[in-house]
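To start, the structure under review is shown below, and the notes come after it.
What follows draws every value from the coordinates through simple rules; no lab data is involved. As the structure is a computational prediction, the values presented were derived from the model and not from experiment. Cβ coordinates were reconstructed from backbone atoms using ideal geometry, including for glycine residues, and neighbour counts include every protein chain displayed.
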Amino acid sequence: MLPLSILLCITTLAQAQLSPSPTFNPPPPDAGTTPAPRQTIPNQQWSNLLGDLLYFYEAQRSGQLPSDNRVSWRNSSGLQDGDDVGFDLTGGYYDAGDYIKASFPLSWVLTSVCWGATVFGQGYDLANQTAYLDEMLRWGLDWMIKANPDNSTLFVQIGDDAIDNNYWGGDTNIPTPRPSFQVNDTNPGTDATAQASAAFSSCSFLYSGGVLNTTSSATAPTGIANQTYANTLLRHAAGLWDLSVHASGGMTEYSDTVPATADAYASSGYGDDLILAALFLSLATSSPSTYQQALFYYSQYKLSGSNGVLNWDSKAPAVYTLLAEMALARPSWAGSNLIGWQKEAERWMDGVSSGGRGGAYMTDGGLLYWPGDSDSASLNPALNAAMALAHYAPIASTSDKADTYTNFAISQLNYTLGDNPMSAVYVVGINPNSPNRVHSGMASGGNNINAIDTDPNGPDLHVLYGAVVGGPDNKDRFWNFRSDYIESEPALDYTAPLLTLAAYSVMNNPTDPYFTALQAGAYTLPPGHPCDDAWPCHSGLSEGGKIALGVVISVVGTVLVACIVWFVWRMRSRKR
Ligand SMILES: *[C@@H]1O[C@H](CO)[C@@H](O)[C@H](O)[C@H]1NC(C)=O
Ligand SMILES: *[C@@H]1O[C@H](CO)[C@@H](O)[C@H](O)[C@H]1NC(C)=O
Ligand SMILES: *[C@@H]1O[C@H](CO)[C@@H](O)[C@H](O)[C@H]1NC(C)=O
Ligand SMILES: *[C@@H]1O[C@H](CO)[C@@H](O)[C@H](O)[C@H]1NC(C)=O
Ligand SMILES: *[C@@H]1O[C@H](CO)[C@@H](O)[C@H](O)[C@H]1NC(C)=O
Ligand SMILES: *[C@@H]1O[C@H](CO)[C@@H](O)[C@H](O)[C@H]1NC(C)=O
Ligand SMILES: *[C@@H]1O[C@H](CO)[C@@H](O)[C@H](O)[C@H]1NC(C)=O
């Protein structure tokens, strides 16, 4: 008989497919002000960035936390999730600065990260982060599996904004009830089920050891392959695809079926989700006929010709990018239409990299800005565009275009990492000039919803390492006010595109990321407040919220800066 210690050891090994080696814990922000010891691939500072970004997802975990949880200030929470419907819906991730769990944006996060890892997988390896990537994906996917308990049901949200947004505080007191909202065969949510199917397919492809072999440098992360898991994911992908196209209730947007989701994540259509789902399912199942179905929907939903934004809701640009990649990776399916798909992709890429088309423009400081979408989170559309450009540049039709796309992607990455008029580094904890008053109830340490900015009256109690915040306004100004959920809230989907960009950078860039050039004090609070130009600030987005005024005296360096007006919106967390 095996000694108990060996049995325990085997049990532990069976749970974690990969063991982190070495263990990574985010270095303090000051570590982001010095050059890496060696300007070689991999550069330690880029590796640290990738590590921090993955750590953010660990801080956002819901459910029973395992013993190897690195985020010491987090507690197990949401342990009754699903009780109202008789299912175990514990686990998964809190979506943003609040305690809602939302499957539609999470599905896009998982899709984009798995997609990126089938091209830039080596970046995770070089940074010693593949084990953490595996954990990050599984924590999301294992919950998505629970959220899809049978072939006709997908849970799309746990928790109700109407309740949740009246709460500000830690994870031991999360308000209840936390209702579980679903779409199903009779009351479908085509976008939600299709996007979830895409998440399962893209990640099944990754876990089957798949590589999107558009160029010889495309790689999968070492050791992540697990055919058992890939098969489980594929079963869910196939079931959700069937539900998306054959639901007896027809096709409709999930936010119409479940109005409670419309507050934060109202969807504007499902054509893009269907196409993305069919493309990834065809990859995961090696099915040319499913690929043909994607093309059928592509023409049915007239996806061609868009200059629109790429984000959790709007995925036409991702479809263009993936179609061009697949023309190389699966040439016989695409009927040699590489040139056609390059044209479609390059129309969008040219628009973006020439400074914006379709209403988009560049801010004076150099951020790609889509009025509307960028108004509620300015960095996210720019980073998603940069992610698509990083995927596409290596397969562009000319080397000039490849250079243009790469440079533009890097310019948006640089902006995010401090190359902006504020010298703000928009990743929490990576540099002293990173936001330190983040709109996150659990990280702030405060619990007074009427004094979010002043309780605590200083930096957050816990550093939410790796969180990307909403970002500056269209004049490149950023205030670092905790109450300002537009500029200062973190979210799963804000950090996601940066994962792919960081993995890409670890593989390709021997020199330091921009932030190492920035010493403490480079960022200073701008004068005024976010509402100088439009009072009341963000009013179009807040729900008739009452505005309270207060005054805080703030000293920055030796300068007595200003009176700050703060606002108490009825705490609605995510407005898009
Ligand atoms: C593969 O994944 C399954 C399902 O998560 C897990 O039970 C198993 O331990 C994994 N296999 C290896 C070799 O890690
Ligand atoms: C990765 O781990 C190896 C072996 O422990 C170590 O030599 C190397 O410096 C690590 N690389 C990074 C980027 O952390
Ligand atoms: C976790 O629990 C401890 C002990 O009750 C508490 O002090 C801490 O604030 C909790 N963490 C959060 C994020 O609420
Ligand atoms: C199907 O979903 C709708 C909308 O969420 C819900 O009202 C209904 O109860 C669900 N049906 C079943 C059988 O659970
Ligand atoms: C659910 O869908 C999957 C994939 O289409 C299929 O293999 C499985 O048999 C279905 N399960 C049931 C109970 O119908
Ligand atoms: C990618 O692999 C497939 C086979 O799986 C092959 O047909 C295709 O030519 C490869 N593409 C490239 C660009 O190497
Ligand atoms: C990005 O920043 C690096 C310094 O970190 C600089 O060398 C590079 O030229 C910048 N690239 C672009 C396109 O802005």
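Here are some notes:
- Per-selection Rg to Rh, the chain - Cα, Kirkwood hydrodynamic radius: 0.94
- Using the Karplus relation 6.51 cos²θ - 1.76 cosθ + 1.60 with θ = phi - 60°, the per-residue 3J(HN,Hα) values for the range 204-219 come to 4, 4, 4, 6, 7, x, x, 10, 7, 7, 7, 9, 6, 8, 5, 9 Hz, with x marking Gly and Pro.
- Taking the chain and dividing mean pair separation by its residue count, relative contact order in percent (alpha carbons under 8 Å, at least six apart): 18 percent
- Spherically averaged projected area of the range 278-345 from its Cα convex hull (nm²): 4.3 nm²
- Cα-centred dipole magnitude for the chain, charges only on beta-carbon of K, R (+1) and D, E (-1), debye, nearest 20: 660 debye
- Its Cα centre serving as origin, the range 119-268 has a Cβ charge dipole (Lys and Arg +1, Asp and Glu -1) of approximately 420 debye.
- Restricting the calculation to alpha carbons of the range 294-412 gives Rg and Dmax of 14.0, 45 angstrom.
- Reciprocal of mean inverse Cα separation for the range 376-515 (Kirkwood radius, Å): 15.7 Å
- Residues THR219, THR176 arranged by fewest to most Cβ contacts within 10 Å: THR176, THR219
- Of the residues THR257, THR215, the one with the fewest other Cβ atoms within 10 Å heads the list, and the complete ranking is THR215, THR257.
- Among the chymotrypsin sites (Phe, Trp or Tyr not before Pro) within the range 155-256, not one is in coil by DSSP while having at most 15 neighbouring Cβ atoms inside 10 Å.
- Dividing the summed helix terms, -39500 (n - 2.57) for each DSSP H run of n ≥ 4, by the number of residues in the chain produces a 222 nm estimate of -12500 deg cm²/dmol to the nearest 500.
- Proxy reagent accessibility, fewest Cβ within 10 Å first, across SER77, SER103: SER77, SER103
- Projected onto its three principal axes, the C-alpha set of the range 166-247 covers 52, 38, 24 Å, listed from the longest axis down.
- Measuring between alpha carbons in the structure, the pairs from LYS146/LYS315; LYS101/LYS302; LYS101/LYS315 lying more than 28 angstrom apart are LYS101/LYS302.
- Pairwise Cα distances in the range 176-326 exceed 21 Å in 47 percent of cases.
- For the range 445-496: relative contact order, % (alpha-carbon pairs under 8 angstrom, 6 or more apart): 33 percent
- Spatial separation of Cα centroids for the range 16-50 and the range 134-156, in angstrom: 30 Å
- Placing unit charges on the Cβ atoms only, positive for Lys and Arg and negative for Asp and Glu, gives the range 271-425 a dipole magnitude near 420 debye about its Cα centre.
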